[in-house]
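The values are calculated or read from the model by the stated rules, or taken from the named source; none is laboratory data. Here the structure is a predicted model, which is why all the values come from computation and not from measurement. Cβ sites come from the backbone with ideal geometry, for glycine too, and all protein chains shown count toward neighbours. In case anyone asks, the SASA skips ligands and DNA or RNA and just uses the protein heavy atoms, side chains included. Shrake-Rupley method; radii C 1.70, N 1.55, O 1.52, S 1.80 Å.
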There are 2 protein chains.
Amino acid sequence: MKIVVDAFGGDNAPGEIIKGAVSAVTEEDGFSVVLVGKEDVIKKELSALGYDGKRIEVFDAPDVITNDDSPAEAIRTMRQSSIVKAYGILNKDPEAAAFVSAGSTGAVLAGAVLLVKRIKGINRPGLCPVLPTVKGGSVALIDCGANPDCKPENILQFAKMGSAYAKYVLGVKKPRVALLSNGTEDKKGNELNKAVFPMFKENPGINFLGNIEARDILSGDYDVVVSDGFSGNIALKASEGTALAFLSILKDGIMSGGLRAKLGYLMLKPVFKNVKKAMDYNDKGGAVLVGLEKLVVKSHGSSKAKSIKASVLQAKALAESGLTDEIKRVFESGND
Amino acid sequence: MKIVVDAFGGDNAPGEIIKGAVSAVTEEDGFSVVLVGKEDVIKKELSALGYDGKRIEVFDAPDVITNDDSPAEAIRTMRQSSIVKAYGILNKDPEAAAFVSAGSTGAVLAGAVLLVKRIKGINRPGLCPVLPTVKGGSVALIDCGANPDCKPENILQFAKMGSAYAKYVLGVKKPRVALLSNGTEDKKGNELNKAVFPMFKENPGINFLGNIEARDILSGDYDVVVSDGFSGNIALKASEGTALAFLSILKDGIMSGGLRAKLGYLMLKPVFKNVKKAMDYNDKGGAVLVGLEKLVVKSHGSSKAKSIKASVLQAKALAESGLTDEIKRVFESGND
């Protein structure tokens, strides 16, 4: 099995990406990595890191798509970019199981949609990050940004894919599915949600618990929260922003709180470290794009080696989990 | 000036609501309160609290709309409810400047839309809570739930009303306005956002800084964040949920962290208290519905006396601020 990695995607590329790939192959057996990007730079970095093994291939791609490029246009025109080249490998090499990138989210998603074959029966793939809950478990949030404009049937498909994800990746037997809305009552929602609600209710393949507000996403009472890509992105980013704001306000308070606060901080440091770890969904790898014949893992743009390693190992685990086959089975058999 | 208060709205009604109203008139002069609800119960509570002043009137309303009632239907059919009666007072009594309720958000909003006159030029009022930022300031988020389905012109109106709010209530000379989206680039967004973006850009009355992601709402770089009511509600509730999740995970960590953690917590207690206060937007009163001839303040459903007092005093301050006149001026003069 090969995991294809965008060596030139992200704020800390290529150094941290290459380091992360080396860590991943050092930590686990049973797969190899294809680093895609400027060949000479990658090779130099690899030898600087002292890596001379056979489990990392390098595939040349002289161009880089940045956050300033228009995603869909870049995918169409920058054929020599690391992202387009990586998708080419995914399509051609049956050994290539997944793609990991910390590059432009828009370009990674546009490339996936335009260049990678979808699973039969799925109109749009969904981006599915996994967040920590207050009960210590996890919740999958799908779609978080691949599809800013959705039709009801897209959202129904996200629910089915999310359920398969929770089953095969999070190990939940009967995933509890909720629909993200502006209230918990059955009739709450915008027009889109109101059209989706009865479809969820009537589908025997979805263990549907009803509408939830965004404040309940992290409650631990649900395994899958389903949303259109625009609202899901807003929920995800608002959570992220609030966690960061909380830490920032706390830090300011400690800094200006005199000796007592600083001593208190030192004593609570291990607790803070655990909280930060619990809240940091990036540490657990990236957001997975599901619904395609091959897996795509989008790491955070600010990923360092540790996150890239986590994403590569996550991609490998996903490829081994049977998730793609399960989704195929669900969509072949109809509603279940 | 009279502030009309729903004595039977909210989880802690009527006791905490009545207590909050008494605190408000005790703390500030220059206004009176009309408590709407079951007259005998309210009168009993008032005398139990030892209040025998002339600044609280009681207006009888035998019915209560709950969260289980369908909002629009309840407004149409439950004419004897505290919410419908309160809007009646708002419409009839020129002295009645504002309505405060901690009751069903849906019913308060539906009642406002169906029963209260809108300011000329405004198609839909917007719900506008004020959140704390990491820089110690405030940001107004409009619309947060009054309008789950919006047209581009509704969102343009929210931007103008939000700017007026930031000017007249938050005291910002030239409010910095952002559009909530799924990315910061100009072309990001769903179809609705893409239609709104150029309208913001071209409007001389809006100091438009561009699209932002939900993670930047609390950054302190913006005074007004504009959104459709569905996405805005999700951003608000996701922030709230994450702050609560953060506190909960922190608490668990302290509880299981042994003596060291508990000592550390005691030393940091004043800091935690400040953080909690900084993050708690309920403490500062409720979310304001703007765009109507009269003001409506929606307090959190879980409001206790302290929040109700804050909301009543906020309603009074809003009525005195000249906000409604400023909004009228903006919408009369066209684009500025």
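Residues checked against (1) more than 22 Å from B:SER321 (Cα to Cα); (2) in a helix (DSSP H, G or I):
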| site | (1), (2) |
| --- | --- |
| B:ASN211 | yes, no |
| B:VAL225 | no, no |
| B:ILE234 | yes, yes |
| B:THR242 | yes, yes |
| B:ALA245 | yes, yes |
| B:LYS251 | yes, yes |
| B:LYS269 | yes, yes |
| B:VAL288 | no, no |
| B:VAL297 | no, no |
Requested in this report: Go through region B:19-50 residue by residue and tally those that are open to solvent by 50 Å² or more (accessible area, probe 1.4 Å), in contact (Cβ under 8 Å) with a residue 24 or more places away in the chain and part of a loop (DSSP other than H, G, I, E, B).
Outcome: 4
Query - Yes/no for B:GLU16 being within 30 Å of A:GLU185 (Cα to Cα) and either open to solvent by 40 Å² or more (accessible area, probe 1.4 Å) or within 24 Å of the chain's Cα centre (by Cα) (or both) - result: yes
Requested in this report: Give me a count of the residues in region A:229-263 that are within 30 Å of A:CYS150 (Cβ to Cβ) and hydrophobic (A, V, I, L, M, F, W, C).
Outcome: 8
Query raised in the report: Which number in (1) surrounded by fewer than 20 Cβ atoms within 10 Å (Cβ to Cβ); (2) under 14 Å from the mean Cα position of the chain (by Cα); (3) at pLDDT 90 or above marks the one condition that B:ASP283 misses?
Result: (3)
Report task. Please note which strands (runs of 3 or more DSSP E) are completely contained in region B:56-135 and include at least 3 residues that are more than 21 Å from the chain's Cα centre (by Cα) and modelled with pLDDT of 95 or more. Result -> B:56-60
Query raised in the report: So, in region B:193-208, of the ones that are buried (at least 18 other Cβ atoms within 10 Å of the Cβ) and free of Cβ contacts under 8 Å to residues at least 40 places away in the same chain, which residue ends up farthest from the other protein chains (Cβ to nearest Cβ)?
Result: B:PHE197
**Report entry** B:ILE217 outside any loop (DSSP other than H, G, I, E, B), buried (at least 24 other Cβ atoms within 10 Å of the Cβ), at the interface with chain A (Cβ under 10 Å from one of its Cβ atoms) and without any contact (Cβ under 8 Å) to a residue 40 or more places away in the chain
**Finding:** no
Query raised in the report: Quick one: how many residues across region B:148-157 are out of contact with any strand residue (DSSP E or B) (no Cβ under 7 Å at 6 or more places or on another chain), in contact (Cβ under 8 Å) with a residue 60 or more places away in the chain and within 14 Å of another protein chain (Cβ to nearest Cβ)?
Result: 4
Report summary line: Checked pairs for region A:83-109, first within 15 Å of A:VAL297 (Cβ to Cβ), second open to solvent by 10 Å² or more (accessible area, probe 1.4 Å) and part of a helix (DSSP H, G or I), C-beta under 6 Å and 6 or more apart or across chains, list as A:TYR87/A:LEU115; A:ALA96/A:ILE89; A:ALA97/A:ALA319; A:ALA98/A:ALA319; A:ALA107/A:PRO71
Query raised in the report: Given the structure, is B:ALA72 open to solvent by 10 Å² or more (accessible area, probe 1.4 Å), over 16 Å from B:GLY286 (Cα atoms) and within 14 Å of chain A (Cβ to nearest Cβ)?
Result: yes
Report summary line: Residues in region A:299-326 that are more than 17 Å from A:GLU27 (Cα to Cα), in contact with a Ser or Thr (Cβ under 9 Å, 6 or more places away or on another chain) and assigned to a helix (DSSP H, G or I) total 0
Report task. Filter region B:177-201 down to residues that are among the hydroxyl-bearing types (Ser, Thr, Tyr) and not in a loop (DSSP other than H, G, I, E, B), then give me how many there are. Result -> 0
**Report entry** Residues of region A:80-125 satisfying the condition of being among the charged types (D, E, K, R) and more than 28 Å from A:LEU156 (Cα to Cα)
**Finding:** A:LYS85, A:LYS92, A:ASP93, A:GLU95
Requested in this report: Could you tell me which of the residues A:ASN190, A:ASN211, A:ASN182 is within 8 Å of chain B (Cβ to nearest Cβ), among the polar types (S, T, N, Q) and over 23 Å from B:LEU218 (Cα atoms)?
Outcome: A:ASN190
Query raised in the report: Among B:LYS160, B:LYS174, which is basic (Lys, Arg), assigned to a loop (DSSP other than H, G, I, E, B), touching a residue at least 12 places away in the same chain (Cβ under 8 Å) and open to solvent by 10 Å² or more (accessible area, probe 1.4 Å)?
Result: B:LYS174
Report task. Considering only region A:286-320, state which residues are crowded, with 17+ Cβ neighbours inside 10 Å, away from chain B (no Cβ under 14 Å), farther than 13 Å from A:ILE3 by Cβ and not β-branched (Val, Ile, Thr). Result -> A:LEU289, A:GLY291, A:LEU292, A:SER303, A:LYS304, A:ALA305, A:SER307
Query raised in the report: For residues in region B:221-251 being more than 7 Å from chain A (Cβ to nearest Cβ) and in contact with a Cys (Cβ under 6 Å, 6 or more places away or on another chain), which is surrounded by the most Cβ atoms within 10 Å (Cβ to Cβ)?
Result: B:GLY232
Requested in this report: Hey, can you tell me all the residues within region A:136-157 that are assigned to a loop (DSSP other than H, G, I, E, B) and open to solvent by 10 Å² or more (accessible area, probe 1.4 Å)?
Outcome: A:GLY136, A:GLY137, A:GLY145, A:ALA146, A:PRO148, A:ASP149, A:CYS150, A:LYS151
